[in-house]
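Student: Below is a structure I'd like to ask you about.
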Amino acid sequence: MKATEKLLKKEFKLKSLEELWLLIDKKHDTFFQYNFFCDKITYKKNLERMIAEIDADGELIGQEIAAMKSGSIIQNFASAAYTQTIGKYLAMRKALLNQIRLILSK
């Protein structure tokens, strides 16, 4: 299970990404024009890109944690990379949560 699927399950009780896409498809085009200043297709592409980045960063964080625990010379480099990646990951995750909350609230 990828990072975004876990997040959707935990925060919004959504079973999968497909359920999120169905909720987005049910919204009228004017909803996206008024709230996000773009059309539905553009919004979905941006959301897909954000989800792909979050999933990739989630996998990278897992690898960095494993490298930090290995006790090798790579440990220092992995620690620095982890700090940078986790900041980006948390910011993207927060943005995704806010986007989905807005969709579900209206």
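Student: Can you confirm whether PHE31 is surrounded by 12 or more Cβ atoms within 10 Å (Cβ to Cβ) and touching a residue at least 24 places away in the same chain (Cβ under 8 Å)?
Tutor: yes
Student: Then there is this: Can you give me the ranges of the helices (runs of 4 or more DSSP H) entirely in region 16-92 with at least 1 residues that are within 19 Å of ALA3 (Cβ to Cβ) and among the small types (Gly, Ala, Ser)?
Tutor: Numbers: elements: 17-26, 29-36, 40-69.
In region 16-92, the matching helices (runs of 4 or more DSSP H) lie at 40-69.
Student: Give the residues of region 45-83 that are acidic (Asp, Glu) and farther than 30 Å from GLU19 by Cα, sorted by residue number.
Tutor: Once the filter is applied, which keeps residues that are acidic (Asp, Glu) and farther than 30 Å from GLU19 by Cα, region 45-83 yields only GLU64.
Student: Here is a list: ALA67, ALA52. Which entry is of a type in the set (A, V, I, L, M) and touching a helix residue (DSSP H, G or I) at 6+ places or on another chain (Cβ under 7 Å)?
Tutor: ALA67
Student: Quick check: is even one residue across region 12-25 of a type in the set (Ser, Thr, Tyr) and more than 15 Å from the chain's Cα centre (by Cα)?
Tutor: no
Throughout, read-outs are computed from the coordinates displayed, never taken from laboratory work. These numbers were taken from a predicted model, which means no experiment stands behind them. Every residue, glycine among them, receives a Cβ derived from its backbone with ideal geometry; neighbour counts consider all protein chains shown.
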